[in-house]
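Asker: Please see the structure below; I have some questions.
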Amino acid sequence: MTSARVPLVLASASPARLATLRSAGIEPVVIVSGVDETQVSGLPPAELALQLAELKCAAVAARDDVPPDALVLGCDSVLELQPVAGSHGHGEALGKPHDADEARERWRAMRGRTAVLHSGHSLREVASGRVAAATGSTLVHFADVSDEEVEAYVATGEPLHVAGAFTLDGRSAPFVDGIDGDPGNVIGLSLPLLRSLLAKLDVPLVSLW
């Protein structure tokens, strides 16, 4: 006898995260949190990504229209550009650029360098309030792209909608020489990490199918 499917609510407006879940046979309900991301600052990039994910998850889980038997998944991604050689501390935390000028400067700084894409994942069981949360981190090696390539990419508008001003599942994919880690995490949602968080809540991944 097959157990009932567990409903999943995705607390994110990201089409890439939705597509990632669908590719794994999971059809979530999408409810955007509306959390003001500027309310959190001054944290190391990995902690920033996790705290924003937890805030989005909690905001959606508290809504009256969320089924009581649901799981809510909140995610947030932050790119950490590694410090130049000889410097110390954390790299700079980079979210979505505010405009084309910022995206252009971002790419001029990133090209030929290595960064870490941190994606915070927070999973909450609505009925019990139990939470499992973690951050996935993947190294990203950027190609030494030309000024002409930067200008053409920024002109598409794509970098304005993604953390770090790039994505592996779009036009900027040829500008990434390689990664070390889970590519899904770079896109914004790590399926292996989701499976691990589900296990902490005693929920089999297959129950979401």
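The values are calculated or read from the model by the stated rules, or taken from the named source; none is laboratory data. Worth saying up front: this structure is predicted, and the values here are computed from it rather than measured. We place every Cβ from the backbone using ideal geometry, glycine too, and count neighbours over all the protein chains shown. Quick note on the areas: whole protein, heavy atoms, side chains included, nothing else; ligands and nucleic acids left out. Shrake-Rupley method; radii C 1.70, N 1.55, O 1.52, S 1.80 Å.
Asker: Treating the Cα atoms of the range 61-170 as identical point scatterers in vacuum, please give the log10 of the normalised Debye intensity I(q)/I(0) at q = 0.18, 0.21, 0.23 Å⁻¹, two decimals.
Answerer: -0.89, -1.06, -1.20
Asker: If you don't mind, there's one more thing I want to ask. If you plug each phi of the range 24-38 into the Karplus form 6.51 cos²θ - 1.76 cosθ + 1.60 with θ = phi - 60°, what whole-Hz ³J(HN,Hα) values come out, in order, with x for Gly and Pro?
Answerer: Couplings: 9, x, 10, 10, x, 8, 9, 10, 6, 6, x, 5, 7, 5, 6 Hz.
Asker: Counting only C-alpha contacts under 8 Å and six or more residues apart, can you give the relative contact order of the chain as a whole percent?
Answerer: Relative contact order here is 23 percent.
Asker: Right, another one. Compute the angle between helix 45-61 and the longest alpha-carbon principal axis of the chain, please, reported from 0 to 90 degrees and rounded to the nearest 10.
Answerer: So the inclination is approximately 40 degrees.
Asker: Average the reciprocal distances over every distinct pair of alpha-carbons in the range 1-112, invert the result, and give the Kirkwood radius in Å.
Answerer: 16.3
Asker: Kindly provide the Kirkwood hydrodynamic radius of the range 156-209 in Å, to one decimal, from all pairs of distinct alpha carbon atoms.
Answerer: 13.0
Asker: Compute the long axis of helix 100-110 from its Cα atoms, compare it with the longest principal axis of the Cα atoms of the chain, and write down the angle in degrees, 0 to 90, nearest 10.
Answerer: The angle comes out at about 80 degrees.
Asker: Roughly how large, in nm² to one decimal, is the mean projection of the convex hull of the alpha-carbon atoms in the range 28-83?
Answerer: Averaged projected hull area, Cα only: 4.5 nm².
Asker: Need the C-alpha centroid separation for the range 13-34 versus the range 45-123, integer Å.
Answerer: Between the Cα centres of the range 13-34 and the range 45-123 lies a distance of 17 Å.
Asker: Net charge near Ala59, counting Lys/Arg +1 and Asp/Glu -1 over other residues with Cβ under 15 Å of its Cβ?
Answerer: Surrounding charge for Ala59 is -3.
Asker: Can you sort Phe175, Phe166 by 1.4 Å-probe accessible area, starting with the largest?
Answerer: Putting Phe175, Phe166 in descending order of accessible area: Phe175, Phe166.
Asker: How large are Rg and Dmax for the range 87-132 when calculated on the C-alpha trace, in angstrom?
Answerer: Considering the range 87-132 through its Cα atoms, Rg and Dmax are 16.7, 47 Å.
Asker: Between His118, His161, His98, which gets the highest mean-square fluctuation from a Gaussian network model of the chain, Cα cutoff 10 Å?
Answerer: Judging by the Gaussian network model, the answer is His98.
Asker: Rg over Rh of the chain, using C-alpha atoms and the Kirkwood radius, what does it come to?
Answerer: Ratio of gyration radius to Kirkwood radius: 0.99.
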